Ligand code: NAP
């Protein structure tokens, strides 16, 4: 929006449907001015808003960014190359896996990292959500629309997510909470998930929970594999940027969840984007 509205020739390059994590989020209730909106709906409105100002959209999986002073080259997996003066990286994060027995082989057969995409498959079934952050808590609440019981498993005795979401979780009669346990294996009948083995973090005793679905929400890692040549990330892989959202490489910006910062929300991501595009505009026009 800020790039194209300022009159820059702006391309949105995306390897999935535009919208990122928004399109996997059921409800957004902290986007100023709109009390409640479905994530995919908000993403679609943002996309239409940007393209209405002239931003173009192209499909592409970026594998590398090459910098030659003020000229940047974006290399994609299909061989396409884009040349530009500024790159705003908004690649977000990739959901972390549990890395336990039975997980990888049951993705799509009961293991899912997207409640909004797959929740409806678990109508009247029992499911388990792993993790105690905002994502786990919000998605557990979402799953109660379909599942007859949702068990949240956390490894400590406290949640990481915000208090008001915790309260809704604790008050929901369809949600059970198991504290101080970690998942050690996902069980199946050769076709679909049948249960999950949980281990007590203190006693190491194991118990099996019979569930049809397992939703790991144990955090995410920044999607930065295409930045490896630039040395613009911290030890955890998050992009390091200044107050203009610019990295130490002039003309390379980082915005949203991929950036090292304390608050990852739609509103802070949008703010990052505005900062970066405005600064890029000034640099390109020599202002
Ligand atoms: P997160 O806040 O990092 O929470 C990850 C959760 O998974 C924590 O409870 C963590 O436990 C647990 N965990 C990590 N590894 C585990 C393992 N191997 N086994 C069992 N449990 C494990 O991640 P997130 O919920 O995906 O959120 C990411 C960011 O987006 C956060 O900054 C969050 O605030 C933000 N977000 C905000 C909203 C909102 O504002 N509505 C919604 C979604 C996400 P410990 O607590 O013990 O470490």
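The values are calculated or read from the model by the stated rules, or taken from the named source; none is laboratory data. A quick note: this is a predicted structure, and the numbers were derived from the prediction, not measured. Methodologically, a virtual Cβ is constructed for each residue, glycine included, from the backbone with ideal geometry; neighbour enumeration extends over all protein chains shown.
Taking residue 146, is it more than 16 Å from the ligand (Cβ to nearest atom) and surrounded by 13 or more Cβ atoms within 10 Å (Cβ to Cβ)? Working first, answer last.
On the way: more than 16 Å from the ligand (Cβ to nearest atom): yes; surrounded by 13 or more Cβ atoms within 10 Å (Cβ to Cβ): yes.
In short, yes.
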- [ ] Could you please find all residues in the range 189-245 being in a helix (DSSP H, G or I) and in contact with a strand residue (DSSP E or B) (Cβ under 6 Å, 6 or more places away or on another chain)?
- [x] 226
TODO: Considering only residues that are more than 18 Å from the chain's Cα centre (by Cα) and closer than 30 Å to residue 128 by Cα, look in the range 57-101 and name the one that is surrounded by the fewest Cβ atoms within 10 Å (Cβ to Cβ).
DONE: 99
Open item on the list: Here are the criteria: (1) within 18 Å of residue 26 (Cα to Cα); (2) more than 11 Å from the ligand (Cβ to nearest atom); (3) crowded, with 21+ Cβ neighbours inside 10 Å. Tell me which single one residue 111 does not satisfy.
Closed with: (1)
Open item on the list: Quick test of your reading of the structure: residue 129 fulfils all but one of (1) surrounded by fewer than 17 Cβ atoms within 10 Å (Cβ to Cβ); (2) over 16 Å from the mean Cα position of the chain (by Cα). Name the failing condition by number.
Closed with: (1)
Task: Search result, residues across the range 47-103 that are in a loop (DSSP other than H, G, I, E, B), under 16 Å from residue 224 (Cβ atoms) and out of contact with any helix residue (DSSP H, G or I) (no Cβ under 9 Å at 6 or more places or on another chain) - done: 77, 96
- [ ] Please enumerate the residues belonging to the range 24-56 that are loosely packed, with under 14 Cβ neighbours inside 10 Å and under 17 Å from residue 4 (Cβ atoms).
- [x] 45, 48, 49, 52, 54, 56
- [ ] Write out, first by first residue and then by second, each pair whose Cβ atoms fall under 6 Å of each other, whose residues are 6+ apart or on separate chains, and whose first residue, in the range 16-44, is within 16 Å of residue 92 (Cα to Cα) and more than 14 Å from the ligand (Cβ to nearest atom) while the second is modelled with pLDDT of 90 or more and assigned to a loop (DSSP other than H, G, I, E, B).
- [x] 43/19
